[in-house]
Amino acid sequence: MRTQDPKTIYLSEYQQPAFWVEHVNLTVSLFDGYTEVSSELTLKKNPDVASRELVLNGIDQDIQSLQLDDKQLSSADYHYADGVLTLNCDSEQLIFRAVTRIDPQNNTSLEGLYQSGSMYCTQCEAEGFRKITFYPDRPDVMATFTTRIEADAGQFPILLSNGNPVDSGALEGGRHYAVWEDPFPKPSYLFALVAGDLSSKDDRFTTRSGRDVTLRIFVEPQNAHKVDFALDSLKKAMQWDEEVYGREYDLDLFMIVASDFFNMGAMENKGLNIFNSAAVLASPDTSNDQRFERIEGIVAHEYFHNWSGNRVTCRDWFQLSLKEGFTVFRDTEFSSDTHDRAVKRIETVAGLRAVQFPEDNGPMAHPVRPDSYIEINNFYTATVYEKGAEVVRMIHTLVGPDDFRRGSDLYFERFDGQAVTTDDFVACMEQVSGLDLTQFKRWYTQAGTPRLSVTDDYDADSQTYRLFFHQSCPATPGQTDKRPFVIPVKLGLLGADGNDLPIHTRGNYNAGTEVLTLTDEVTEVVFTGVSERPVPSLLRDFSAPVKWSFGYSDEQLAFLAANDANGFNRWDALQQLYSRAILSMAEDHRAGRSLTPPSVLVETVANVAGDASLSHAIRASMLTLPGYAILKDAVDVVYIDDLIAARKHLVKTLATRYRDIWRSLTEKLSSDAPYEFNAEESGRRQLQGLSLWYWLKAGDQAAFDFAAELYASATNQTDRSNALRAVLAGDAEALQQSLLSDFYERWQSDTQMVEQWLTMQAGTPGMTVPGIETLMQHPAFDIKNPNKVRSVIVGFAMNTESFHDARGEGYALLAKVVQQLNALNPQLAARLVTLLSDWKRYDADRGKMMASALETILATDSLSSNVFEMAQRALKD
Ligand code: BES
Ligand code: ZN
């Protein structure tokens with residue numbers, strides 16, 4: 001909780017600890033009403049640091065006894081305040097013992113040890129271990145752990161921790177114990193413990209060097225039928241990491257536990273990953289294709305951390321992107337290899353533009369490697385994760401795939417068992433490639449999305465084509481002057497026939513290269529032997545996370561959308577065309593003019609819808625309009641009513657003009673084949689869902705009938721949710737209500753389905769603040785459960801039309817929920833604050849109401865440092 005002046009931590013003040021921990025002996029005894037934790041730390045002086053002060057973190061610790069070597073400590077022997085216990089130690093080698101009591105049953109923060117339904121589990125990243133016992137809770141302190149758990153045998157038959165099971169047995173009074181040993185030194189944030197009455201399913205994986213690994217997933221018994229997909233995903237990920245990175249698993253046992261109460265998606269604890277149930281439990285009947293895809297990606301992500309994060313970890317939390325950016329890059333590549341690379345790239349970039357670009361364009365902007373923080377939990381952001389992954393991707397582009405692999409081999413070999421920095425990672429890539437990445441590293445230190453504006457010139461006589469690149473980067477909080485970035489530009493030049501022209505450049509570039517590397521504010525590139533004026537295809541595959549512009553005509557964008565050899569850029573050209581049309585109609589709406597989408601766009605849509613040479617999935621993503629998050633980021637002042645009117649008008653035009661196309665696509669794409677999750681099938685279902693949605697927007701009764709029938713006869717959740725989504729977006733209230741109540745009736749005992757049910761309602765057009773308040777009174781809602789809160793509150797905030805209702809009630813409701821959660825779960829409360837952080841971009845009236853909601857939050861009694869930091873950053877000029 002916030003003291004008078006929450007302390008800011010600076011990267012520049014990093015210092016090694018005075019003592020290292022060599023080994024931890026931990027005993028955790030669960031009792032009803034309290035838990036007793038006994039720890040024994042074997043400490044060793046760090047010879048590189050002069051200080052003799054042993055600094056241990058500890059929060060909500062009820063001290064029973066503290067002991068240094070053989071000496072029992074009294075309160076005069078140490079200093080304990082604000083969660084930090086310090087004592088002076090003269091010896092080089094010593095043993096610190098602590099017995100403390102904690103209260104997991106009332107721990108609603110979901111950090112440290114807490115109760116989740118009928119089980120106990122832990123979450124220690126980033127700084128949760130200090131809620132379990134006294135410890136130097138910082139990632140550069142790596143130790144081996146022996147963990148003994150004691151609990152009632154009937155209530156908690158399963159007792160788990162990191163590493164290998166080495167002992168177990170019965171105790172008096174119906175209790176039992178288990179002992180686990182983790183041979184790999186690890187930071188405390190990777191510690192985990194689970195106790196519960198869980199059922200498990202096993203699988204096996206043999207590593208290429210012959211280690212026989214048991215894979216075991218633990219779930220509450222009612223979820224036993226939902227584990228197969230995660231096990232398969234895990235095996236695929238293990239195989240992929242061996243093939244692509246040469247990385248093998250290093251223990252005989254790999255466990256996953258599903259928990260219903262979890263702040264994040266999942267956590268990579270050594271040998272014992274803990275997952276949000278929603279991010280691991282899957283069945284065709286309860287999970288749609290998107291959910292399957294997410295589960296596969298997240299299982300892979302946490303598994304990949306075993307190397308990128310666990311074997312090689314972060315020196316300090318400023319280096320978070322070292323493990324997260326790299327691991328997101330790894331899981332994204334895994335998904336690209338497993339399914340469809342172009343589709344995956346489109347999804348990734350759409351997500352980056354919808355979430356990270358706005359973050360970089362507002363008060364929350366920060367570098368991939370931040371310089372300071374109050375609460376590290378507030379920096380698990382799209383910038384650290386998704387932009388961080390783009391930075392790794394650019395390194396991959398610059399050094400090439402072979403050197404990238406050699407660089408990662410060197411990184412894992414050189415730093416195995418160590419806690420390192422992003423500079424260490426880059427140094428490995430420099431060493432193997434011979435490239436100097438000094439300037440490139442500005443991507444880690446400078447915040448903000450670079451702008452790249454491109455112009456051209458063609459001289460027919462000399463057959464010379466020139467591109468002029470001009471880069472700049474807007475000021476961000478605390479950073480006014482930006483220096484040029486290294487920007488890899490992958491490009492092609494299209495001739496009038498739609499094919500790529502051969503590329504020859506003059507100057508600093510190699511003839512025939514298709515990736516240019518920009519390093520200066522202004523760059524001119526000369527292409528020779530260009531026989532006709534080309535249309536440039538720029539930033540292919542989104543080769544750098546920048547906002548780029550070129551003065552294309554609508555016709556040129558339509559030409560690229562139809563012809564570009566790069567699938568990603570075909571999609572991107574059409575996205576630019578949609579955005580441009582919507583933004584210009586929004587201006588028309590504001591000026592009271594009538595709205596007419598450009599005919600070249602309307603025609604392109606028909607061509608794409610009927611283009612059988614495109615995969616279903618690519619067609620679906622090309623026919624999906626940019627969402628409000630992306631549109632908002634493209635204007636100086638957001639007049640949300642005008643944006644909504646313009647976007648709706650475009651949807652309505654496309655829906656009615658092409659009702660026959662949507663109808664025939666919807667019907668043609670039906671299938672009675674049993675459900676299978678793969679790129680082909682999920683693409684078919686995605687295009688059918690989208691076609692149905694458009695068809696329904698045209699208002700045809702036949703479309704409603706089709707949707708009602710699809711819902712009723714669906715044998716999988718993808719079809720069912722496609723039908724529901726379409727019906728909820730149309731205006732047939734009676735049908736909406738009957739499907740929603742049917743859904744709840746049928747699925748109320750399935751937690752994941754109830755979460756989806758809440759999300760769908762929160763997102764229904766026409767949802768109101770009183771409607772949300774009613775939903776929050778529903779027995780299925782629980783303010784202490786982050787998934788339920790996210791379903792309803794984030795679901796509502798994503799419902800642009802309803803949340804931004806002109807009276808500002810949505811903002812006030814959000815402030816109230818944040819205040820309530822501040823006391824229960826500060827980490828979640830702080831995340832919700834970001835939903836108001838772009839207040840300055842809206843019209844003056846809305847901006848004022850959003851800011852006043854932030855002021856309300858800031859004025860909360862006993863404000864947590866988590867929420868304080870976010871609200872204060874959001875409001876700062
Ligand atoms: N290490 C994180 C989980 C985490 C985040 C713990 C913040 C504590 C605080 C984990 O590896 C992770 O990144 N999970 C993501 C999903 C992933 C696929 C990007 C998550 O939980 O959302
Ligand atoms: Zn991660």
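According to the square roots a ≥ b ≥ c of the eigenvalues of the Cα gyration tensor, what is the shape class of region 241-389, taking rounded for a/c under 1.5, prolate for a/b larger than b/c otherwise, and oblate for the remainder? Note, shape of region 241-389 comes out rounded. Along region 395-407 the Karplus relation, 6.51 cos²θ - 1.76 cosθ + 1.60 evaluated at θ = phi - 60°, assigns HN-Hα couplings of 4, 4, 5, 6, 8, x, x, 5, 5, 4, 5, 5, x Hz to successive residues, with x for each Gly and Pro. Centroid-to-centroid, using Cα positions, region 620-669 and region 196-227 are 44 Å apart.
Against the chain, whose longest principal axis is taken from its Cα atoms, helix 422-433 shows a tilt of about 60°. Residue order by solvent-accessible surface for 261, 96 is 261, 96, largest first, with ligands and nucleic acids left out and a 1.4 Å probe. Each of 628, 694 has its accessible area taken with a 1.4 Å probe; listed largest first, they run 628, 694. Rounded to the nearest 500, the helix-only mean residue ellipticity at 222 nm of the chain stands at -12000 deg cm²/dmol, with each DSSP H run of n ≥ 4 adding -39,500 (n - 2.57).
Which of rounded, prolate, oblate describes region 227-301, given a ≥ b ≥ c as roots of the alpha-carbon gyration tensor eigenvalues and a/c under 1.5 marking rounded, otherwise prolate only if a/b is larger than b/c?
Oblate, since a/c reaches 1.5 and b/c is not below a/b.
Using a probe of 1.4 Å, the accessible surface attributed to residue 639 totals some 80 Å² when neighbouring protein chains are kept in position.
Can you give the FRET efficiency to the nearest 0.05 for residue 852 and residue 483, using r as the Cβ-Cβ distance and R₀ = 41 Å? According to the calculation, E is roughly 0.60. Sorting 577-587, 265-275 by their mean Cβ neighbour count within 10 Å, with the most densely packed peptide first, gives 265-275, 577-587.
Share of carbon and sulfur in the accessible area of the chain stands at 47%, probe radius 1.4 Å.
Net charge of the neighbourhood of residue 277, taken over other residues with C-beta under 11 Å away and scored Lys/Arg +1, Asp/Glu -1, is -3. By DSSP, the beta bridges lying fully in the chain are antiparallel in about 80 percent of cases.
Here the label points at residue 155 and residue 580, each 7 Å from Cα along the C-beta direction, are separated by 6.6 nm in the simple model. Using a probe of 1.4 angstrom and keeping all protein chains present, the accessible surface of the chain works out to 38 square angstrom per residue. Taking 27 Å as the limit for the C-alpha separation, the pairs 7/131; 632/848; 71/131; 236/632; 344/632; 482/632 exceed it in the case of 236/632. Each residue was assigned an accessible area with a 1.4 Å probe, and for residue 381 the value is about 20 Å². Compared with the dominant principal axis of the Cα atoms in the chain, helix 289-304 is inclined by about 50°. Near residue 556, once Lys and Arg are set to +1 and Asp and Glu to -1 for all other residues with Cβ below 12 Å from its Cβ, the sum equals -2.
Let a ≥ b ≥ c be the square roots of the eigenvalues of the Cα gyration tensor of region 177-242; is it rounded (a/c under 1.5), or, if not, prolate (a/b larger than b/c) or oblate? Since a/c reaches 1.5 but b/c is at least a/b, the shape of region 177-242 is classed as oblate. Could you tell me the center-to-center distance, by alpha carbons, between region 53-76 and region 276-291 in angstrom? What the calculation gives is 45 Å, centre to centre.
Largest accessible area first, the listed residues 750, 241, 152 line up as 152, 750, 241 when surface is computed with a 1.4 Å probe on the assembled protein chains. Measuring between their Cα centroids, region 143-157 and region 382-436 lie 39 Å from each other.
Note on residue 420: accessible area approximately 0 square angstrom, rounded to 10, probe 1.4 Å, nucleic acids and ligands left out. Cross-link partners for residue 816 among the aspartates and glutamates, with Cα-Cα distance under 13 Å and sequence neighbours closer than 8 places in the same chain left out: 773, 855, 861.
The values are calculated or read from the model by the stated rules, or taken from the named source; none is laboratory data. Just so we're clear, the structure is a prediction, and the values are computed from it rather than from any experiment. Quick reminder, even Gly has a Cβ in these numbers, built from the backbone with ideal geometry, and neighbours come from all protein chains shown. In case anyone asks, the SASA skips ligands and DNA or RNA and just uses the protein heavy atoms, side chains included. Shrake-Rupley method; radii C 1.70, N 1.55, O 1.52, S 1.80 Å.
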